[in-house]
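Derivation of every value follows stated rules applied to the coordinates shown; laboratory data play no part. Fair warning: this is a prediction, and the values are worked out from it, not measured in the lab. Reconstructed Cβ throughout: ideal geometry from the backbone, glycine too, with neighbour counts over all protein chains shown.
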Amino acid sequence: MTAHDFDQYLRQLGVAELAPASCPFDPGIAPVELESHLAQSAHLILSLKISMACWMVADPAATRRKLAAAAAAGVATSTGGGPYEVAVAQGILPAYLDLCADLGFDAIECGSGFTDSGIEPAQAAEMIGQRNLAFDYELGDKHSGEFDSAAVSELIDEGHRWLEVGARRLVIEARESASDIGLFDAQGKLDTAHAARLADEFGLKRLVFEAPTKSSQFALIEHFGPQVQLGNIPMHELLRVEIYRRGLHSDAFANPRLRPRRPGTPLEEQSS
């Protein structure tokens, strides 16, 4: 079966054609494993985060191999926010940006999730732009628990400051647990009111919601719909996220909002 046949069959099912909206992360997997994931899923990826600081302590040839594989697959790459924060705290941000540019990253993630930011958005943006890098900004503290209304108001102000100086997207913190952090309570339940407030303020195209767990992924897709942009998806879970977006997962198929709609079939009949 050719790629065209696959596309034709999905259209017959009524599966919507979706633009890439997932930003998976590589927490330090082997280059050959990443290459295999790219071979099957590159067309589904909005951006690939080479995450944590693992790429900085791996063999440099391995890190370059990963970035070359992503580039060959047409997948944009970014760093995780942690190395940026450490570089700022240690006073060597220019050296960090030089390293990222030399390796071939397309973008970096900025933030102040576990350090006090010692640099203004405009200054950071100028330094990043001088190296022809794009940048995202991560909203949220890694250690302060779930957001309350006052925190969301502060994050909105912070987000606008970074967007005004050229940030590509805003990333909503959820770490690797999606529990008792950001938009998720201690049981991992999504605060839909705070999530909707951020979406209303910035628009879904400007936001990437970190969704590292199955429950967080499904909750965000169910709340916002299949176009929501998700980040921190483990590479091995990417295809599951994509079938959920398209209503091909058993749980999503039962949801009238996500279930594929056959051409010409009324919604009432489709959901019956």
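I'd like to know which of L163, L198, A62 lies farthest towards the positive end of the charge dipole of the chain, counting +1 on Cβ of Lys and Arg and -1 on Cβ of Asp and Glu.
Working it through, the farthest residue towards the positive pole turns out to be A62.
Assuming 0.890 mPa s and 25 °C, estimate D for the range 1-81 with Stokes-Einstein, Rh taken as the Kirkwood radius over Cα pairs, in µm²/s.
My calculation gives 177 µm²/s for D.
Take every DSSP beta bridge whose two residues both sit in the chain, then give the antiparallel share in percent to the nearest 5.
5 percent
Given charges of +1 on the Cβ of Lys and Arg and -1 on the Cβ of Asp and Glu, with all other atoms neutral, how large is the dipole of the chain about its Cα centre, in debye to the nearest 20?
With Lys and Arg at +1 and Asp and Glu at -1, about 960 debye.
Suppose only helical runs count, i.e. DSSP H with n ≥ 4. What mean residue ellipticity at 222 nm does that imply for the chain under -39500 (n - 2.57) per run, divided by all residues and rounded to the nearest 500 deg cm²/dmol?
-13000 deg cm²/dmol
Taking the Cα centre of the chain as the origin and placing charges on Cβ (Lys, Arg +1; Asp, Glu -1), which of L13, P226, Q90 is farthest toward the positive end of the dipole?
Towards the positive end, the residue furthest out is L13.
What share of all Cα pairs of the range 134-272, in percent, falls into each consecutive 10 Å distance bin?
Reading upward from the zero bin: 12, 40, 31, 13, 4.
Counting other beta carbons within 10 Å of each Cβ, put R245, R161 in order, fewest first.
Least to most surrounded, the residues fall as R161, R245.
Below 8 Å, C-alpha to C-alpha, sequence gap of six or more: please give me the relative contact order for the range 39-125 in percent.
In percent, rounded to a whole number, it is 31.
Please arrange F114, F25 by how many other C-beta atoms lie within 10 Å of their C-beta, fewest to most.
Fewest to most other Cβ atoms nearby, the residues stand as F114, F25.
Just the Kirkwood number for the chain, please: inverse of mean 1/r across all distinct Cα pairs, in Å, one decimal.
That comes to 19.4 Å for the chain.
With contacts defined as alpha carbon pairs under 8 Å and 6 or more residues apart, what's the relative contact order of the chain in percent?
The value is 18 percent.
Please report, to two decimal places, log10 I(q)/I(0) for the range 1-142 at q = 0.09, 0.15, 0.16 Å⁻¹ as given by the Debye formula with identical point scatterers on the Cα atoms and no solvent.
For the requested q values the scattering log ratios are -0.33, -0.77, -0.85.
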